[in-house]
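FYI, it's all coordinate maths here, none of it is from the lab. Being a predicted model, the structure only gives us computed values, none of them experimental. When we count neighbours, we look across all protein chains shown, and the Cβ atoms used for this are built from the backbone with ideal geometry, even at glycine.
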Amino acid sequence: MSAKPIVVKVGGGALEGGALEDLPGILEAGTRVVVVHGGGHSLTRILDVLEIPTKFHEGLRITDERTLEVAEMVFAGSVNKALVRELQALGLPAAGISGTDGPTLHVEPIPGLGRVGSVERVEPGLIRTMWEGGFVPAIAPLGIGPEGAYNVNADMAAGAVAAALGAGHLFLLTDVDGLLDSDETVAALAPDESEGYVENGLAAGGMIPKLRSAAQAARAGVEARIVNGNRRGTLRDALAGENVGTLISEGAVA
């Protein structure tokens, strides 16, 4: 197993029975782990209760001031702490932060999306300090920009973190077996091929930032995979060299 760290991006849902059950064994083997989480469904549910409309553009949530206030409470609050408890229940010494802590994620605003940021720089000092203390960081997708906190797509945050840490692997967990083309999983592609799947419509909605995140990480030398997070053994098998999900890597051959 590679001595390089791994970064895992997970949604905001329950973990029981899923791929993250592989993490205790990975950690025991001496591999450092970072978990970056989303929580969009939880945020949408709260926004609906508050009668705040939800709009997306290419898989990114348009975020006004009211939405950002709720997003910070949901992502850095209830979702992050629930994830930490679930990771601890799996035997992982997890501790939760957001990208504004440190600060870890420095962002630039994305024009037209309100308080949504694109990660321009990752300061890994806090992550490394947590590793040194024996903790697994669980990072909520928020960053610091010109006007304070910004909403950051969790897939893109995970890709930026993986690149900055020199990670060996980035796993983007989803509820399908990878990028699908005519119901068949695309086994592998080079990062420069990713945008073609967006342009031809085979990648849509939340798959768009996953592909772009994977491509970003792959260009930095990370092996990125879009995998089914509902399947136990997924991470273990991928680290063992098996063909799992969709691999995005420099030099990848489909």
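What value, in deg cm²/dmol to 500, does the helix sum -39500 (n - 2.57) over DSSP H runs of n ≥ 4 give at 222 nm once divided by the residues of the chain?
That calculation yields -9000 deg cm²/dmol at 222 nm.
Let me have the relative contact order for region 99-182, percent, based on Cα pairs under 8 Å that are six or more residues apart.
Reported relative contact order: 29 percent.
Take the alpha carbon atoms of region 136-186, find their center, do the same for region 202-232, and report the distance between the two centers in whole angstrom.
Going from one Cα centre to the other spans 7 Å.
So what are region 129-219's ellipsoid semi-axes, whole angstrom, largest first, if each one is the square root of 5 times an eigenvalue of the alpha-carbon gyration tensor?
So the three semi-axes of region 129-219 are 27, 16, 12 Å.
With the Cα gyration tensor of the chain in hand, convert its eigenvalues to equivalent ellipsoid semi-axes via √(5λ) and list them largest first in whole Å.
Semi-axes from the Cα gyration tensor: 25, 22, 17 Å.
Taking the Cα-to-Cβ direction at Asn230 and at Arg45 and moving 7 Å from each Cα, how far apart do the two end points lie in nm?
Calculated label separation equals 1.7 nm.
Please find the FRET efficiency linking Arg66 to Val176, where r is the Cβ-Cβ separation and R0 is fixed at 35 Å, and quote it to the nearest 0.05. Walk me through the intermediate numbers first.
Working: r = 32 Å, r/R0 = 0.92.
So, using R0 = 35 Å, E works out to roughly 0.60.
Taking the simple approach of a point 7 Å from Cα along Cα-to-Cβ for both Glu123 and Arg85, what is their distance in nm?
3.1
In region 145-199, which GluC sites (Glu not before Pro) are in a loop and have at most 12 other Cβ atoms within 10 Å, using DSSP for the loop call?
Filter output for region 145-199: Glu147.
Distance from a point 7 Å along Cα→Cβ of His57 to each backbone N in region 115-157: keep the residues under 12 Å and list them by number.
Label zone hits: 115-117.
Give the long-range amide H neighbours of Gly11: residues separated by 5 or more places, or on another chain, with amide H under 5 Å away, using H modelled in the peptide plane at 1.01 Å from N.
Those lying under 5 Å, H to H, from Gly11 are Gly38.
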